[in-house]
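Report on the following structure.
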Amino acid sequence: MALWRIRATVDDRPGYLAVLTASLALRAVNILAVQVHTTEGGAVDDFLVDAPETMTEADLIAAVERGRGRDPWVARAEARGLADQPTRALALANRLVRDPEALGDVLRTLLGATSVTWRPAPAAQTATRLTDTMRLPDPAGGCYDIVRREPSFTPAEFARAQALVELAAGVSRRTGDQLALMLADGAELVLRGAGTDDLAGLQAMVGRCSPEGGTPGLVGRPADVVTARLRRILDQPRGLLLVAVDSSGTSERIVGAGRLVVEGALAEVAVLVEDGWRRRGVGTALLRRLVAYAGRTGQSALVAHVAASDLGMLRTLARLQRPGEVERDGDLMSVTVPLVDRPVDVAAPTPATMT
């Protein structure tokens, strides 16, 4: 017996899959695993089969066509194909958690791709899927071009690949952006990417911030509103959330946070530092890290929406020495920070700082 992979499209109607499997069974083909991908053109059935050694590729194609299968694709398979796709995807995700730099090889393995190439690309690049190519934006900047001659990519494969790219980016943000910070007064903090397990620490930090120096839309709100907004921030796929962590006590304590949300060529930035740590350089350190990240990922400018009473944040923005437009709307000031030496012709996002 020999292992083969077979992929074919059938009408997404009751009984059509049974006709195809019966046609294979009549030729002593044993189906070991099957996946069904829903597409615009019908159901794409992906089989791993064990066929008699005497059967050829042409024989299998003929059996599929007799079973009302369309656009058949047949290729030899290896024993590792016996692992089902969810198990393989989870194993590859586990590899990314340990080594996010292996993303290219993981995508190639997941999809059986001919090539996976990273290219620089505009921040506004969108994910696309064609018959034999796939383009996936890298949240850290650039994009991945994936090519597979056959079979055609399915929506399910596209979704799995996107999920792995997001996972690798999240792990990279969490581990790659960790930095030891020594403040002028001798205190030591760690700057790192935030994760969903930081929700409680962020809630506590917000509770220690006074409304006078807080971020519009977050500080001073009811606890359930703060929790809901922090969950949205932590789930934001495009951008970066950094936290400043004090580990000098018996447990870690988040004392500041900086958020960057990417919207095309313009990114929105917000920084919040609890009262006891303000005016000690924490906000400046967070902001400079966010500016560096935005520069690497191709943004043209940042915009910060700041309470007019928050003189500390306004001074922190001024220390960047990147003069830009300042607009005031009542008690809210919108400060634009250019990142390139040319005019920025983009619309500012609606004020939603740290929300």
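Details
- When 261, 225, 273, 243 are checked against the criterion of being assigned by TED's automatic domain parsing to the domain that holds residue 181 and without any contact (Cβ under 8 Å) to a residue 24 or more places away in the chain, 225 stands alone in meeting it.
- Selected residue (criterion: surrounded by the most Cβ atoms within 10 Å (Cβ to Cβ)) from residues of the range 1-55 that are at pLDDT below 90 and of a type in the set (S, T, N, Q): 35
- Among the candidates 65, 40, residue that is closer than 27 Å to residue 144 by Cα, free of Cβ contacts under 8 Å to residues at least 12 places away in the same chain and of a type in the set (Asp, Glu): 40
- The residue that is farthest from residue 194 (Cα to Cα), among those in the range 276-286 that are assigned to a helix (DSSP H, G or I) and either touching a residue at least 60 places away in the same chain (Cβ under 8 Å) or not β-branched (Val, Ile, Thr) (or both), is 276.
- Among the numbered conditions (1) modelled with pLDDT of 90 or more; (2) in the same structural domain as residue 105 (by TED's automatic domain parsing), the only one that residue 89 does not meet is (1).
- Odd one out for residue 228 among (1) under 29 Å from residue 118 (Cβ atoms); (2) under 22 Å from the mean Cα position of the chain (by Cα): (1)
- Pairs with Cβ under 8 Å, 6+ apart, first in the range 287-300 and outside the structural domain of residue 142 (by TED's automatic domain parsing), second assigned to a helix (DSSP H, G or I) and surrounded by 22 or more Cβ atoms within 10 Å (Cβ to Cβ): 287/316; 287/317
- Set side by side, the residues 18, 28 differ, and just one is more than 23 Å from residue 87 (Cα to Cα) and part of a helix (DSSP H, G or I), which is 18.
The values are calculated or read from the model by the stated rules, or taken from the named source; none is laboratory data. What you see is a predicted model, and the numbers here were worked out from it, not measured in a lab. Note: ideal-geometry Cβ built from the backbone for every residue, glycine included; neighbour counts use all protein chains shown.
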